1. Take segment 168-195 and flag every residue that is part of a loop (DSSP other than H, G, I, E, B), farther than 25 Å from Val216 by Cα and touching a residue at least 12 places away in the same chain (Cβ under 8 Å).
2. I'm trying to understand the selection: among the residues of segment 196-228, which are crowded, with 22+ Cβ neighbours inside 10 Å and part of a strand (DSSP E or B)?
3. What is the one condition in (1) open to solvent by less than 20 Å² (accessible area, probe 1.4 Å); (2) modelled with pLDDT of 95 or more that Asp184 does not satisfy?
4. Exactly one of (1) modelled with pLDDT of 90 or more; (2) surrounded by 13 or more Cβ atoms within 10 Å (Cβ to Cβ); (3) within 22 Å of the chain's Cα centre (by Cα) is unmet by Arg110. Its number?
5. Check every one of the strands (runs of 3 or more DSSP E) wholly within segment 21-102 and list those with 3 or more residues that are at pLDDT 85 or above, open to solvent by less than 70 Å² (accessible area, probe 1.4 Å) and not small (Gly, Ala, Ser).
6. For segment 125-135, state whether one or more residues are assigned to a loop (DSSP other than H, G, I, E, B), modelled with pLDDT of 95 or more, under 17 Å from Asp233 (Cα atoms) and of a type outside the set (Ser, Thr, Tyr).
7. Here are some residues: Arg119, Arg174. Which one is surrounded by 21 or more Cβ atoms within 10 Å (Cβ to Cβ), among the basic types (Lys, Arg) and within 18 Å of Ala232 (Cα to Cα)?
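The values are calculated or read from the model by the stated rules, or taken from the named source; none is laboratory data. Keep in mind that what you see is a predicted model, and the values were worked out from it rather than measured. Reconstructed Cβ throughout: ideal geometry from the backbone, glycine too, with neighbour counts over all protein chains shown. Just the protein is used for accessible areas: all its heavy atoms, side chains included, with ligands, DNA and RNA removed. Shrake-Rupley method; radii C 1.70, N 1.55, O 1.52, S 1.80 Å.
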Amino acid sequence: MAFGDQPAYLRVAGDLRQKIVAGELPPHTRLPSQARIREQYGVSDTVALEARKVLMAEGLVEGRSGSGTYVREQPVSRPVVRTGYRGAGDSTPFRQEQGDDRVKGTWESRSEQVAAEPRIARRLRIGPGDRVMRTDYLFRSGGEPCMLSASWEPLAITGRTPVMLPEEGPLAGRGVVERMAAIDIVVDNVTEEVSARPGLAGETLALGGVPGHCVVVVSRTYFAGGCPVETADVVMLAERYRVAYHLPVK
């Protein structure tokens, strides 16, 4: 295949994509049938089917049982603001994940003691299998699910203290910085890495998305004197959210 050439199914998908973007095929419009695509573009049934699969994988169209394939209404991308370190007193779990004070939200959570899997152990600089407190969160904004988060804290640090359970006790619902300060640990640094990957079925279902679509993952770790005290993965639907950083200049 010469440089610049494309398989027929990608050319067909590209033309249909352009029509969707240009508004020639607006949201909720039925996509041309496989027979119509075959006739219009002079391609085989296989090419027509593969072109439709490409558009479905890109989230531009969706299948409706017994009805056909329709153009999806594309969500408006909204920012999730990251502000880095936040001091005590303003760092609830939702504030910790969404730094825009104009955005209000709620959360649900569940905590359990588990053995640290190797990737989490590396991030916390502990041994694989060491006990950690894992807390899973579902965050909502305006009543709609917007973020998932899983956090891990070494029980060697928080075990048998009033802050062992992030959502119970005297500091329930406060952030990592304030909770650690209560046990004389001063959080002085935080790192974040942003990546993207195909969403797991359970993640996209919980967030109201389409299985297989990409998610944005923010992997965050809080440090106190160079020692990791908490690490977390925050997951958002890539088609709905973009990560924006507001960081102070020192």
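1. Glu168, Pro170, Ala182, Ile183, Ile185, Val186, Val187, Asp188
2. Passing the criteria: Val215, Arg220, Tyr222.
3. For Asp184, the exception is condition (1).
4. (2)
5. 68-71
6. Checked against the condition, which is being assigned to a loop (DSSP other than H, G, I, E, B), modelled with pLDDT of 95 or more, under 17 Å from Asp233 (Cα atoms) and of a type outside the set (Ser, Thr, Tyr), segment 125-135 yields at least one hit.
7. Exactly one residue qualifies, and that residue is Arg174.
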